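The structure under discussion appears below in the form of structure tokens.
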Amino acid sequence: MAPLPDFEALRKTDWTPFDAPSLVGKSLRFVSGDPQGKRFRLRYFRDGKNDLVALAWFGEETEGPPGHAHGGSMAAVLDEVLGLAAWAAGHPIVVGNLNIHFRKLLPLESVAQVDTEVVSVKGRKVLVRGRLTDGKEGLYAEADCLCIRIL
Ligand SMILES: CCCCC/C=C\C/C=C\C/C=C\C/C=C\CCCC(=O)SCCNC(=O)CCNC(=O)[C@H](O)C(C)(C)COP(=O)(O)OP(=O)(O)OC[C@H]1O[C@@H](n2cnc3c(N)ncnc32)[C@H](O)[C@@H]1OP(=O)(O)O
């Protein structure tokens, strides 16, 4: 069996844990609902700038290209994390448009980092930008997520 992800080792010292269900309820099951699952395992934090950040483990069941994550699995993670970033910034939204550039294959059984930033708020439209990386120089994907306020 593959080694379990060591989230604590990857967590930066100025990150504080973020409790997603207490903000948006327990319906976020597709991506982050099973912290011990074989597909995804996610942990949420706020970083030193108060932006939402996620550590996301891509298990073997996310496979697309041999040995690597399916693009749809990366899209699912980005959809949830960037939408949740808007909620965490005080905007009750759904995702209207998610535009992803896939830059590099993401190896299975590895933990990736998703950094987020709310870049603009115009009326009901909240634009969130995200980067899915290896936590260092390696960029797997970057995305712009247009969120629309529903409340
Ligand atoms: C019945 C259940 C509702 C329950 C809600 C309760 C809880 C909230 C739900 C989820 C939150 C939970 C956790 C959040 C964390 C992660 C989220 C996961 C992300 C998702 O997985 S979430 C599911 C996927 N998501 C959808 O399933 C959306 C389906 N869709 C719609 O629900 C509508 O389509 C909507 C609301 C998007 C817009 O509809 P609408 O009628 O309210 O607004 P309208 O069309 O007037 O647009 C207003 C202005 O936004 C611009 N605009 C709209 N859509 C655009 C687009 N696609 N591209 C570019 N611009 C767009 C217009 O151009 C206009 O711009 P302007 O004002 O400048 O003219």
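Going residue by residue through segment 5-15, is there one that turns out to be within 13 Å of the ligand (Cβ to nearest atom), farther than 16 Å from Gly130 by Cβ and small (Gly, Ala, Ser)? Step through it out loud before you land on a result.
Filtering segment 5-15 down to residues within 13 Å of the ligand (Cβ to nearest atom) leaves none.
Scanning segment 5-15 turns up no residue that is within 13 Å of the ligand (Cβ to nearest atom), farther than 16 Å from Gly130 by Cβ and small (Gly, Ala, Ser).
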Checklist outcome for this item: Result of the Cβ filter at 8 Å on segment 20-40, keeping first residues that are at negative phi and in a loop (DSSP other than H, G, I, E, B) and partners that are modelled with pLDDT of 95 or more and of a type in the set (Ser, Thr, Tyr), at least 6 apart or interchain, is Ser32/Tyr44; Arg39/Thr62; Arg39/Ser73
Next on the checklist: Could you tell me how many of the residues in segment 95-145 are over 15 Å from the mean Cα position of the chain (by Cα), in contact (Cβ under 8 Å) with a residue 40 or more places away in the chain and closer than 18 Å to Leu52 by Cβ?
Outcome noted: 1
Checklist entry - Hey, Tyr44 hits all of (1) within 15 Å of the chain's Cα centre (by Cα); (2) crowded, with 20+ Cβ neighbours inside 10 Å; (3) under 16 Å from Ala143 (Cβ atoms) but one; which does it fall short on? => result (3)
Item to check | Those residues of segment 62-87 which are surrounded by 22 or more Cβ atoms within 10 Å (Cβ to Cβ), hydrophobic (A, V, I, L, M, F, W, C) and within 10 Å of the ligand (Cβ to nearest atom), in sequence order | outcome: Leu78, Val81, Leu82, Leu84, Ala85, Ala86
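Go through Val95, Val118, Val111 for me and flag whichever is within 11 Å of the ligand (Cβ to nearest atom), assigned to a strand (DSSP E or B) and surrounded by fewer than 22 Cβ atoms within 10 Å (Cβ to Cβ). Full working, then the answer.
On the way: Val118 fails: within 11 Å of the ligand (Cβ to nearest atom); Val111 fails: within 11 Å of the ligand (Cβ to nearest atom).
That would be Val95, the only listed residue that is within 11 Å of the ligand (Cβ to nearest atom), assigned to a strand (DSSP E or B) and surrounded by fewer than 22 Cβ atoms within 10 Å (Cβ to Cβ).
The values are calculated or read from the model by the stated rules, or taken from the named source; none is laboratory data. Just so it is clear, the model here is predicted, and its values are computed rather than measured. Heads up, the Cβs are rebuilt from the backbone with ideal geometry, glycines too, and the neighbour counts pull from every protein chain shown.
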